[in-house]
Amino acid sequence: MLENVHGLVKVNQDSRYVVFLFDSYEVNRKMLQDKYVKGESAWYTDAMGTGDDGKKFYRIAQDGEWIEAEYVTFIETTD
């Protein structure tokens, strides 16, 4: 299920760590080995996807890079 959102996601990990991104939120998603974000960084998001396995992801790039919701805090923006 894909839902439109408007806000930021802040990575909960310490800045010494990275969180890998995925190519989709669907169950057949693949981790992108060469794409990751640093801990304590913040990213604009416009979509939240929930796979059939119940895992939630936020899209942080227009070319379809997704970060698992477990590692971020969503901050809704109204502008």
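Here are some notes:
- Converting the Cα gyration tensor eigenvalues of the chain into ellipsoid dimensions via √(5λ) gives semi-axes, longest first, of 17, 16, 10 Å.
- Electrostatic dipole magnitude of the chain [Cβ: Lys, Arg +1; Asp, Glu -1; Cα centre; debye, to 20]: 240 debye
- The residues of the chain expose, per residue, 64 Å² of accessible area to a 1.4 Å probe.
- The chain: relative contact order in percent, alpha carbon pairs under 8 Å with at least 6 residues between: 40 percent
- Solvent-accessible area, 1.4 Å probe, carbon plus sulfur percent, for the chain: 48 percent
- Ranked order, GLU65, GLU40, GLU3, GLU70 - accessible area, probe 1.4 Å, largest first: GLU70, GLU40, GLU3, GLU65
- Selection of trypsin sites (Lys or Arg not before Pro), the stretch 1-49, meeting DSSP coil and at most 15 other Cβ within 10 Å: ARG16, LYS30
The values are calculated or read from the model by the stated rules, or taken from the named source; none is laboratory data. All of these numbers come straight from a predicted model, not from anything done at the bench. Cβ atoms come from the backbone with ideal geometry, glycine included; neighbour counts cover every protein chain shown. Side chains are part of the model used for accessible areas, which takes the heavy atoms of the whole protein and leaves out ligands, DNA and RNA. Shrake-Rupley method; radii C 1.70, N 1.55, O 1.52, S 1.80 Å.
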